[in-house]
Amino acid sequence: MAAAAAKPAAPRPKVQLVWEPKELHRRDWMLVASWSLFALSSLVGTLFYVLRYLFPNVTYEPPLQFKAGLPTEFAPGRVDERFKASFGTWVVRNELGLYALSTVCTHLGCTPNWLEGEQKFKCPCHGSGFRKTGINFEGPAPRPLERYRIGLADDGQVMIDKSAKFQGEKGEWANPESFLYV
Amino acid sequence: MKEFFNALADPSRFFLIFTVAVFAMLKWREFFTAPKVALTIFFGAVVFFVWAIRDPGFKANITKPDNIPIIFMLFLVGFFSWLSLYRAVKNDRRIDRGELPEEAVENPKKVLTWPDLVYSEFLCMLIGTAVLLIWALLLKAPLEEPANPNKTPNPSKAPWYFLGLQEMLVYFDPWLAGVILPGLIVNGLMAIPYVDTNPKGNGYYTFKERPFAITSFFFGFIVLWVSMIILMTFLRGPNQAFFGPFEPWNLHKVEPTVNIQFSQIFWEQWLGTSRPTGWFLRELPGIALVVGYLAITPMLLAKTVCKKMVAQMGNPRYLTMMIMFLIMVAMPIKMVLRWTFNLQFIVNIQELFLNI
């Protein structure tokens, strides 16, 4: 015990001021390699998506104006559903002429279905019902379906312009552009 | 028999029966929570399902992968409602005899959040994860073809937990049923600790000490939320028309409903004149009705039925609570008016996109 007590204290390690390149051990190499790989892949990934961001995913919508064919193609009293999927428009013919209805429910924007047997548009989301004229009569829809501008093109075809909307509750259906007498 | 159930499922009747059943359960809780009675009701429900599932339409509706969790949920909601009332009845008897509630005797000391609470929460989380895993393996996800804005499924239904919201949207404008009312639900729930400072019932089940609070909860949750989920899941078919549980989903079911506005009823039916042209005068009766309902009813109640409540809670708390409560009650009022009178809107200002 006495001998152990007499043993001098271990010398304090010298403070190393200069960085000396250590020998790269196998384990350290793995560590350095994986961190480098991580940094590199983050950098490349970030760069890739920054560049990718410059080219957004665009779905080009169909043009707002389209020709719907000759007025004689539309049977009287019928709701024409040919342009429902492509242009979101129903073309209806009554005794006097043609009008184009929007296929967007005025309650929350679902697409209603035309029920031939009941002669009404019926929305499957909350049960709003519209008459053939587009006027709302049941369910929660607060206002009629909107009508689009309709006219005749130079070649005699029906021209529908979705950029102009006519709202029945504002009395805009009296506008001559919302109805085509043919 | 099936016609009888179909007739019961008419929305007004269904809602009335459901509401009366919940209130009867609360009123005669001593009878209904007795284990023999509760078990009889449970087995009655099971027998009903076993009998009804032989009907192909009912079976198709019930066993849709979307709807199976709702059936589980209905039984769970029933079980936990029973459990809470059963223990409340037991405690109420003890309190009447001058004893402490069961929970106070079982564990008289306060327990710590950690580990007592967090530990059991952790266990529940593990069990929940396991149940979800098994569920996901057993039931296939009801996936459909990619969404197409031109082809809306008929009927289009929200996920089951949103069906209450979707049902509200049938009766109100989107800004109200989709924004204001859900916001009020969330804010109202957050306000409960500040509005309801009554310490009775903390940590133990009781009914007699908190009749109003518990009844409001049962009304808001069971009657308004759960019954709306049932209504929307099982009783609404194509075109959002109502169908009885044993009625085939006919796409062309004729429902002769033509909406009427409150302004029409007031000016044309009651006064026998035509409606004024300006929106303000036209909708004045409806506006007066809504404002009166929300402003005058709390004052009237404060002077009459709720005198004691106002004295206990103070005016700000009472008003907050009562207005929330009245808005909650307005929901079924509007629903029943739509079902019975086809009343679409009480205030109908199309010019400003403002309908109530």
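Within the bounds of the range B:139-157, is there any residue that is assigned to a loop (DSSP other than H, G, I, E, B), within 14 Å of chain A (Cβ to nearest Cβ) and under 19 Å from the mean Cα position of the chain (by Cα)? Yes: the range B:139-157 contains one or more residues that are assigned to a loop (DSSP other than H, G, I, E, B), within 14 Å of chain A (Cβ to nearest Cβ) and under 19 Å from the mean Cα position of the chain (by Cα). Only one of the numbered conditions (1) farther than 30 Å from residue B:328 by Cα; (2) surrounded by 10 or more Cβ atoms within 10 Å (Cβ to Cβ); (3) of a type in the set (A, V, I, L, M, F, W, C); (4) out of contact with any helix residue (DSSP H, G or I) (no Cβ under 7 Å at 6 or more places or on another chain) is violated by residue B:185, and that is (1). The residues of the range B:158-192 that are among the aliphatic types (A, V, I, L, M), more than 13 Å from chain A (Cβ to nearest Cβ) and in contact (Cβ under 8 Å) with a residue 12 or more places away in the chain, listed by number, are B:181, B:184, B:191.
Taking the stated definitions as given, is residue B:229 open to solvent by 20 Å² or more (accessible area, probe 1.4 Å) and assigned to a helix (DSSP H, G or I)? So residue B:229 fails the test.
Condition check ((1) outside any loop (DSSP other than H, G, I, E, B); (2) open to solvent by less than 40 Å² (accessible area, probe 1.4 Å); (3) under 23 Å from residue A:139 (Cα atoms); (4) within 12 Å of chain B (Cβ to nearest Cβ)) across all residues:
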{"site": "A:75", "(1), (2), (3), (4)": "no, no, no, no"}
{"site": "A:86", "(1), (2), (3), (4)": "yes, no, no, yes"}
{"site": "A:92", "(1), (2), (3), (4)": "yes, yes, yes, no"}
{"site": "A:95", "(1), (2), (3), (4)": "no, no, no, no"}
{"site": "A:98", "(1), (2), (3), (4)": "yes, yes, no, no"}
{"site": "A:101", "(1), (2), (3), (4)": "yes, yes, yes, no"}
{"site": "A:105", "(1), (2), (3), (4)": "no, yes, yes, yes"}
{"site": "A:110", "(1), (2), (3), (4)": "no, yes, yes, yes"}
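Among the residues of the range B:55-107, those identified as touching a Pro at 6+ places or on another chain (Cβ under 7 Å) and in a helix (DSSP H, G or I) are B:57, B:58, B:91, B:94, B:95. Applying the set (1) more than 24 Å from residue B:329 (Cβ to Cβ); (2) away from chain A (no Cβ under 14 Å); (3) open to solvent by 30 Å² or more (accessible area, probe 1.4 Å) to residue B:211 leaves exactly one unmet item: (1).
From the list B:268, B:255, B:247, which one is of a type in the set (D, E, K, R), part of a helix (DSSP H, G or I) and surrounded by 13 or more Cβ atoms within 10 Å (Cβ to Cβ)? None of the other options fit; the residue is B:268. Note on the range A:122-141: residues that are more than 24 Å from the chain's Cα centre (by Cα) and either acidic (Asp, Glu) or within 9 Å of chain B (Cβ to nearest Cβ) (or both) amount to 6. For the range A:119-156, a residue qualifies if it is surrounded by fewer than 23 Cβ atoms within 10 Å (Cβ to Cβ), polar (S, T, N, Q) and touching a Lys or Arg at 6+ places or on another chain (Cβ under 9 Å), and exactly one does: A:119. Looking for something surrounded by fewer than 12 Cβ atoms within 10 Å (Cβ to Cβ) and within 30 Å of residue B:197 (Cα to Cα) - is there at least one such residue anywhere in the range B:276-294? Checking the range B:276-294: at least one residue is surrounded by fewer than 12 Cβ atoms within 10 Å (Cβ to Cβ) and within 30 Å of residue B:197 (Cα to Cα).
The values are calculated or read from the model by the stated rules, or taken from the named source; none is laboratory data. Everything numeric in this text was worked out from a predicted model, so none of it was measured. Every residue, glycine among them, receives a Cβ derived from its backbone with ideal geometry; neighbour counts consider all protein chains shown. Ligands, DNA and RNA are stripped out before the accessible areas are found, and what is left, the full protein with its side chains, is counted by its heavy atoms. Shrake-Rupley method; radii C 1.70, N 1.55, O 1.52, S 1.80 Å.
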